[in-house]
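Quick notes on the structure that follows.
The values are calculated or read from the model by the stated rules, or taken from the named source; none is laboratory data. None of these values were measured; they are calculated from a predicted model. Here the Cβ is made from the backbone with ideal geometry for all residues, glycine too, and neighbour counts use every protein chain on show.
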Amino acid sequence: MPDSVSNEIKIVHGRHLKLFKDSDTIASRIKEMGNSLTDAHRENHPIVIGILNGAFIFTADLIREIKVPCKVDFWRLSSYGTQTTSKQSIQEIMSPILDLRDQHVILVEDIIDSGTTLTYVRQKLQGFAPKSVTVVSLVKVNGSPVEVDYVGFISNGEFIVGYGLDIAEGLRELPELYYLDSSASIACDLKEG
């Protein structure tokens with residue numbers, strides 16, 4: 001599947017964006033992932049845990065495609081703040097509230113790049129003693145050393161916004177995934193500032 005549907009640049013809120021995946025492509029891939037998760041968990045009643053804030057839209061769409069009974073919880077972490085690169089430290093803002101002991105957990109991430117957040121979550125999950133953990137990510141950066149069970153799309157490593165992913169809490173509302181042209185956006189910010 002080609003990395004970008006179009007080379008056309010779109011300007012939204014002063015940010016220059018290049019389409020990575022359109023909404024139809026995203027919906028189709030999530031349906032495929034939901035079917036795979038349904039097959040893998042047909043005998044289970046998994047607990048789906050979305051990592052906030054970036055995975056909230058993906059989590060909502062994914063659970064509608066998983067055709068087995070499941071419960072949903074969220075884990076709110078921060079490793080980016082207002083930056084475009086992940087910090088090495090993780091700030092835990094909200095933990096899951098459901099009892100995960102002896103449960104089948106489907107962990108839903110928005111994007112896997114450095115793996116810092118996922119490594120942190122996997123270590124913390126050991127303390128909850130789940131029966132199994134399945135990791136699902138909407139996007140994985142090409143070359144990331146982290147193992148993931150299900151991946152929606154592979155990216156080239158450029159910063160991605162839209163469909164729940166943000167830059168300084170903005171652009172989450174876009175229904176598509178876009179690469180952020182940071183050099184053009186910074187130039188635009190300087191010109192406006």
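In the set Asp73, Asp102, which member is modelled with pLDDT of 95 or more, of a type outside the set (A, V, I, L, M) and at positive phi? Only one candidate qualifies: Asp102.
Quick one: is Phe56 in contact (Cβ under 8 Å) with a residue 60 or more places away in the chain and aromatic (Phe, Trp, Tyr)? So Phe56 fits the description; yes.
Which fully enclosed strands (runs of 3 or more DSSP E) of segment 1-66 have 3 or more residues being under 30 Å from Asp102 (Cβ atoms) and modelled with pLDDT of 95 or more?
Details: elements: 9-12, 15-21, 47-52.
Counting at least 3 such residues, we get 47-52.
Does segment 126-135 contain any residue that is among the aliphatic types (A, V, I, L, M), part of a strand (DSSP E or B) and closer than 20 Å to Ile106 by Cα?
If we filter segment 126-135 for residues that are among the aliphatic types (A, V, I, L, M), which is where we start, we get 129, 133, 135.
Adding the requirement that they be part of a strand (DSSP E or B) leaves 133, 135.
Pick out the ones that are also closer than 20 Å to Ile106 by Cα and you get 133, 135.
Yes.
Checked against the criterion of being farther than 20 Å from Arg29 by Cβ and in a strand (DSSP E or B), segment 141-159 has no qualifying residue.
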